[in-house]
1. Give the residue, chosen from C:THR73, C:THR80, that is buried (at least 24 other Cβ atoms within 10 Å of the Cβ), among the β-branched types (Val, Ile, Thr), touching a strand residue (DSSP E or B) at 6+ places or on another chain (Cβ under 6 Å) and within 30 Å of C:TRP193 (Cα to Cα).
2. Identify all residues within the range B:9-60 that are more than 12 Å from chain A (Cβ to nearest Cβ), farther than 21 Å from B:LEU208 by Cβ and of a type in the set (Gly, Ala, Ser); write none if there are none.
3. Look through the range A:145-167, keep the residues that are free of Cβ contacts under 8 Å to residues at least 40 places away in the same chain and surrounded by fewer than 24 Cβ atoms within 10 Å (Cβ to Cβ), and return whichever of them is nearest to the other protein chains (Cβ to nearest Cβ).
4. Can you find even one residue in the range A:73-91 that is away from chain B (no Cβ under 14 Å) and not charged (D, E, K, R)?
5. Just need a number here: residues in the range B:27-72 that are in contact (Cβ under 8 Å) with a residue 60 or more places away in the chain and closer than 18 Å to B:TYR13 by Cα.
6. Being small (Gly, Ala, Ser) and under 22 Å from the mean Cα position of the chain (by Cα) is the filter; apply it to the range D:154-180 and report the residue that is farthest from B:LEU196 (Cα to Cα).
7. Please work out which one of (1) surrounded by 24 or more Cβ atoms within 10 Å (Cβ to Cβ); (2) under 13 Å from the mean Cα position of the chain (by Cα) is the condition A:ALA248 fails and give its number.
8. For residues in the range A:114-132 being touching a Leu at 6+ places or on another chain (Cβ under 7 Å) and closer than 12 Å to A:ALA220 by Cβ, which is surrounded by the most Cβ atoms within 10 Å (Cβ to Cβ)?
There are 6 protein chains.
Amino acid sequence: MTGIIADTKAIQYHIGLSTQMLCGAKYAFLPGDPDRVNPIAAFLDDARELTQHREYRSALGYVDDIPVLVMSTGIGAPSTGIAIEELARLGVTHFIRLGTTGAIQAHVQLGDLIISEGAVRLEGTSGHYAPIEYPAVPSLALTQKLVEATKLRDYPYQTGIGCSSDSFWPGQERYDSFSGYVPRHLQGSLEEWQRLGVLNFEMESSALFTIARTFGLHAASLCGVIALRTQSEAVQQNVYAQVKERLAIVARDAVRLHHKAHGTPL
Amino acid sequence: MTGIIADTKAIQYHIGLSTQMLCGAKYAFLPGDPDRVNPIAAFLDDARELTQHREYRSALGYVDDIPVLVMSTGIGAPSTGIAIEELARLGVTHFIRLGTTGAIQAHVQLGDLIISEGAVRLEGTSGHYAPIEYPAVPSLALTQKLVEATKLRDYPYQTGIGCSSDSFWPGQERYDSFSGYVPRHLQGSLEEWQRLGVLNFEMESSALFTIARTFGLHAASLCGVIALRTQSEAVQQNVYAQVKERLAIVARDAVRLHHKAHGTPL
Amino acid sequence: MTGIIADTKAIQYHIGLSTQMLCGAKYAFLPGDPDRVNPIAAFLDDARELTQHREYRSALGYVDDIPVLVMSTGIGAPSTGIAIEELARLGVTHFIRLGTTGAIQAHVQLGDLIISEGAVRLEGTSGHYAPIEYPAVPSLALTQKLVEATKLRDYPYQTGIGCSSDSFWPGQERYDSFSGYVPRHLQGSLEEWQRLGVLNFEMESSALFTIARTFGLHAASLCGVIALRTQSEAVQQNVYAQVKERLAIVARDAVRLHHKAHGTPL
Amino acid sequence: MTGIIADTKAIQYHIGLSTQMLCGAKYAFLPGDPDRVNPIAAFLDDARELTQHREYRSALGYVDDIPVLVMSTGIGAPSTGIAIEELARLGVTHFIRLGTTGAIQAHVQLGDLIISEGAVRLEGTSGHYAPIEYPAVPSLALTQKLVEATKLRDYPYQTGIGCSSDSFWPGQERYDSFSGYVPRHLQGSLEEWQRLGVLNFEMESSALFTIARTFGLHAASLCGVIALRTQSEAVQQNVYAQVKERLAIVARDAVRLHHKAHGTPL
Amino acid sequence: MTGIIADTKAIQYHIGLSTQMLCGAKYAFLPGDPDRVNPIAAFLDDARELTQHREYRSALGYVDDIPVLVMSTGIGAPSTGIAIEELARLGVTHFIRLGTTGAIQAHVQLGDLIISEGAVRLEGTSGHYAPIEYPAVPSLALTQKLVEATKLRDYPYQTGIGCSSDSFWPGQERYDSFSGYVPRHLQGSLEEWQRLGVLNFEMESSALFTIARTFGLHAASLCGVIALRTQSEAVQQNVYAQVKERLAIVARDAVRLHHKAHGTPL
Amino acid sequence: MTGIIADTKAIQYHIGLSTQMLCGAKYAFLPGDPDRVNPIAAFLDDARELTQHREYRSALGYVDDIPVLVMSTGIGAPSTGIAIEELARLGVTHFIRLGTTGAIQAHVQLGDLIISEGAVRLEGTSGHYAPIEYPAVPSLALTQKLVEATKLRDYPYQTGIGCSSDSFWPGQERYDSFSGYVPRHLQGSLEEWQRLGVLNFEMESSALFTIARTFGLHAASLCGVIALRTQSEAVQQNVYAQVKERLAIVARDAVRLHHKAHGTPL
């Protein structure tokens, strides 16, 4: 059942990249939106865009001499899963998701960075890789470097767990969907997550953590808070700009710290 | 909890479109890949690209005097769900997915069009809209027009059910993933779907059908067979070109037939 | 493990029919109640009762030269499943359920015919044939002929999805059961189905659709509305009489149309 | 939401019986097949048929002065559930199912009576009355009287648990169905039940036990072994005749013993 | 994969007992608390403590000439499961749990003995031995002897089903836990169990029943009511003392009755 | 519904400890076996046993001036859950499980310490606190201190995920149970966990992680490898002795490091 899809020397079917194009990059930064790829890459040395295929735009840059890929995943766990599969074939071993998020706890502030300690698997893709009782948990070592890098910059941050949802409206218990209806099994879920200590909603981390761990690879997730669900749905544009910058800086610094501590990933 | 996200007059948060930009379009054609938007729109009259935001590229054209939107959904059910939510707010009532697919039944041929009678919900997004026992079934009336349009063109086609998966590898029981492992609950699933009469795999239809129906709206799905999983994973490029053309032609003709039979959708 | 049960030449164990008795019938009309068999058969030519065994009463008649079986299924999915299994062995390929139903949407009227586009699988039998994510969806071609036949008669009708329940009380969220208790997981289910666009409750269609499709056979369902759950539980007897007549007429006409369009089923 | 359906003085909607017709019967014997009602009633004093509506045929007789109803349930849990609901309204408090069954343990013999200690809930109806973790377990007191009555007659018998299935073929892992296919989640289930000590398959007991217990009522189940799944599917007709007689005798004797020990049920 | 753990001649890994130490005991009394072992054994002849390992304290005594083991299980289904596994290897065939419990029905009184007819499987251990649809039901014969022994002593008692929970707080819907939060799927569960006829909560019976039955062994459960959840959480100490005595007496008497009726267990 | 059980000033119902007895301890070390409490406490300053009630033996000691409780949990998640509930009421905020474990990966060696990054929730207790999609993940900060302490001692160690099972035999896919049977849904589970990167089996960590996190408290888990499931079930006694010592030393050192970095827990 193998074919061109499994040919690791070829250009990968969905993301349009090849081993050669990656220049040996072991680290990948993964924003969701193609339009965030180049702004993030701009914080790397010698950055250049590689290609765009479907929702996957890619750029390559350097942290000191360490090659780092930046690639968008598109929205949601399925396209993120395809990204991880194809990047893993090309040799990437360390994945850092860089996202934006809405917070659901009162003590979280706009602009806070959230470094994930784990994710609620409210999506279907991770279930194709591991049973639902399996923990969606990031790499301890890589996550620790995100903490250190954030502390060194003195940026406000939180660590804790988030919820990764397969929908933007009912899975996050938003009632302003087209139908205005949230099915019974999700009614009250927002308050439940709040009571259980969940910090925020987004749509990709639990798949990233689960897939990477079942592959024996390493993933972490860093999100910037651009909306407070406890107050309003409005996205704060000035916060957004600051957050995007900090995500790129922390990720870059974390690669440097991680590489120093652990050497070149195999 | 409302905010800018629910403002139906504003440009929608994810897709970047407004009511005004749609010119009253009630019909939308939904390919997955942004790069298929303009080629499909080229079969409409007076087609022009509207915008691109994230994985959502959009164009508008006409079938006779009927405005039709073409917009990519990106890969997977979550981004498709967001597309439906935001298009529904802007007044779209009839959705036709135009996709490519791999067939898993021996009697299906390369190049066949598959008109969906229903979809296996092997994804998480539809579960945020309706319990899993709810049928992912297209609009009878709209689907019937796809059948009629295909017959009029004398294109080879199949009707039947497909399987919409949240992953490209394990959910479709591909063993050439990075880890080579398919979890136990999916081992043997390909043969099971074959035994149960499933024609093909793709990744979006069951969410489209479920969400549209819970919204009281209308959806259908038309896919072209570009690979035969029973033989090889290789995609046939010449078939691909022909299929893409036929998808656009049949969808266009179906809108004409549907509009003639049912009048302007409300 | 085969035995007399699998002997397709013998009289079938539960339904008491043999191939010879069916005279080559490919179409079967399936009411639930044994007492509705002969009244339905009366709308066919040369109708005669065949036999009765357990809840299965059967009669045979003709539409032009096309032999058609009428057989009761008894109440519920399990006895319906046995009926389909044994009829399939005897060569029946097209099943049309003719039932009565209670509607749960305000826009449905007493006496309306409901032509099913799909069914919620709130029963256990279909799960013995296909995983719960599999769609309980009728045959597009056969369903389309029910629509055409109904339109030609100008009978008021609806198309849409229904809910097939394994119980008459709690599964349909009736509180006038013996205990008056509806378990928590079904509390609010009636309103949920209403919000999700479900038209009506009955007890057999989802098993019929699922089993027939996994067999590669063809099923459709036509029900007459004899009670409006949104108003009262009372069954309207005059409506009931009219509905029973219309069910038989539409089914008969649909066979004629289907046979004309598709020829003799294999 | 009440209506004629909940009127306990009226003739019940599905079974066609009223309080008056039952003459105060608290005990009901429940075979599946309408054709077994009168033969069972023949073992009672002054037996007479009451009515037949759908698959529910009923007769009334006496054990000494104790009135006892005999009524068929039809095949499967859904129609059995309706029977229990409507009989409970009419005042029946003690239900004894009298069925035939196929045994799956090597130590069980043709003609053995199986007195149920509990049932595997492989059906959907009981789940509409209680969560799946709830035990489908008969009345200890009533079951004990079945044991005593059987011992007094010196009939060979077994006590143990059975499996109540919503289908005759795949749920009982029969491969001689029309499609010959058993879904993956039921493949190996027959051996699993054997390994877990299950004695036999039938289709109604778990719903009977669950519903009666949630109603605060009392149920028991007595089945005669007419086929040995470990050897052949063939039903032994001479065994069948003997078994039917013994079922009626034991049930009658058990009513006498139970009434003597516990007095008139409330 | 065998090793010292499966060596039935050796001292068992967790409970610290060997075949030799058991002196041929076929019956075991199982309290939860190690501190209840010796007081229960004091009602047997020639009782002596055997050993203590982890939460498993054990003593041996006699009923007439019948050797009986008393061993604590610790709290919860997992440690109970280990106890049953290791005792079964050593030849124990009949298990009687002796516990204390809180009642949730208004008609149950402080000091009542509850003889279990079955248990709700609200715990995870039994699911490792049998699918969740399998009934957690005690041995009919052994349970019947508990009833007889209780009647002979004229102690007030109830028979019915209980709920075995994996937690003391949320699974029993107690809101005075540390967080004060009960997850949504357990909110309302106390009232549901009450409506469905459940008498009481404890934490071990369903695992005991399920495991013993899948092993072809025999289990029963006898609990004394020391708190009434419908009134207060307060445990009544004087009731507690009386209950503990009665549990031991009834179990002892039941062994005598059972042995007399059924002879030496194999 | 509150009562003596919720009285935080009283001696706790199950563990037999009061606030006063804890002397302000915020840290607790949690072995499973009561017999490991004093040996672990011996590595603390001024250690003394506090009490024993049921399977809960407790001792108190100091790391510098920091009071630390050592208390056994008994085997399994339910008794561990009760321990966490009652300790939390008494003011404990940081929990470190100290266990022994069998490893299932070939690269893990006897005597290795395993510092948990997360746990598979193959048990029922955690499900009473949070839905199954919630990650059983330890405190990042506390876990990081276990890593640092282990590195400083230069002990061989692994970080990764484990599986917490509600049974010792079938849940860990051991076939040398009494019945020798592992239910179908667990057959192949050992290999699956190996393929998905799970390092080891034990029975308590996932409940500890889940409950602590839903309480807003902090937990970590450190286990010593005393058996290699891939080779033999035999426990190595000399390894066992060394491992027990290292567990105590690392936990003690980690408290010192954690207190230094984070100050006195609130």
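1. None of the other options fit; the residue is C:THR73.
2. B:SER18, B:GLY24, B:ALA42, B:ALA47
3. Result: A:VAL147.
4. No; the residues of the range A:73-91 include none that is away from chain B (no Cβ under 14 Å) and not charged (D, E, K, R).
5. Initial filter on the range B:27-72 (in contact (Cβ under 8 Å) with a residue 60 or more places away in the chain): B:27-32, B:36, B:39-40, B:42-44, B:63-64, B:66, B:68.
Going one step further and asking which of them are closer than 18 Å to B:TYR13 by Cα, we end up with none.
The qualifying residues number 0.
6. D:GLY160
7. Among (1) surrounded by 24 or more Cβ atoms within 10 Å (Cβ to Cβ); (2) under 13 Å from the mean Cα position of the chain (by Cα), A:ALA248 violates only (1).
8. Selected residue: A:GLU117.
The values are calculated or read from the model by the stated rules, or taken from the named source; none is laboratory data. All of these numbers come straight from a predicted model, not from anything done at the bench. All Cβ positions, glycine included, derive from the backbone under ideal geometry; neighbour counts span all protein chains shown.
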